[in-house]
Amino acid sequence: MAALPSSARRRATTVAVEDYLEKIEQLIADKGYARVVDIAAGLKISQASVTAMVQRLDAEGFIKYEKYRGMVLTSSGLEVARRIAHRHQLLTDFLRVLGVSDEKIIYDDVEGMEHHISPETFQAIEALTRHLEKNPAVVTKAMTAARPTVR
Ligand code: FE2
C-alpha cells in the first residue's frame, strides 16, 4: 500500500486522537472512569492498539495514564474532548432538524463530519440549525419542494 502523504497522515492522526479523547470523556462522564477494555469495546479496536494509543496520548499531554489506576484527561485533553462533543451534538441537531430520522445514519455521518469542518463552516451550520429549529416550516417547505410529487 502506498504511504499516505504527510498531510493526510496528520489528518488521520488528529481524527484518531479526537475520537479517543471523545470516547474517554464520555466513559468518565457515564461511569466515572475509562479503562482500556471499555475504550476498545466503544471504538471497536483491539486492546493492544488502545494501550499503544493511550500511552501516546499520555506522552503528548492529553491524558495522565497509570496502568492499574486508569486515566484522567488533562486540561488540553479535556479541551479537545469538549470541542468534539460540542460539534457532535450540534451536527446531530442539524441532521435532525433537516429531517434525517435514522439514528444510525445520523451517528455515522456525524462521527465523520465532526472532524472535518472548519470553525467558519461550523459557525454557519450552528446559526442555520438554531434558525431552522425555530422555523420548522422552512424545512418542511424545502423538503416538499425537493421531492417529486407522487401521482
Ligand atoms: Fe463523535
task: Output the number of residues of the range 63-122 satisfying the condition of being open to solvent by 30 Å² or more (accessible area, probe 1.4 Å), closer than 24 Å to Leu27 by Cβ and more than 15 Å from the ligand (Cβ to nearest atom).
output: 13
query: If Glu25 passes every condition in (1) open to solvent by 30 Å² or more (accessible area, probe 1.4 Å); (2) in contact with a helix residue (DSSP H, G or I) (Cβ under 7 Å, 6 or more places away or on another chain); (3) modelled with pLDDT under 95; (4) not polar (S, T, N, Q) but one, which one does it miss?
result: (3)
message: Residues that are within 16 Å of the ligand (Cβ to nearest atom) and part of a loop (DSSP other than H, G, I, E, B): does the range 21-29 have at least one?
response: no
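Does Lys44 satisfy the condition of being within 16 Å of the ligand (Cβ to nearest atom) and more than 23 Å from Ile117 (Cα to Cα)? Explain how you work it out, then say what you get.
Details: within 16 Å of the ligand (Cβ to nearest atom): yes; more than 23 Å from Ile117 (Cα to Cα): yes.
Yes: the conditions hold for Lys44.
The values are calculated or read from the model by the stated rules, or taken from the named source; none is laboratory data. The structure displayed is predicted, hence computed values, not measured ones. Counting neighbours? That spans all protein chains shown, and the Cβs are built from the backbone with ideal geometry, glycine included. When the accessible area is computed, the model is the full protein with side chains, heavy atoms only, and any ligands, DNA or RNA have been set aside. Shrake-Rupley method; radii C 1.70, N 1.55, O 1.52, S 1.80 Å.
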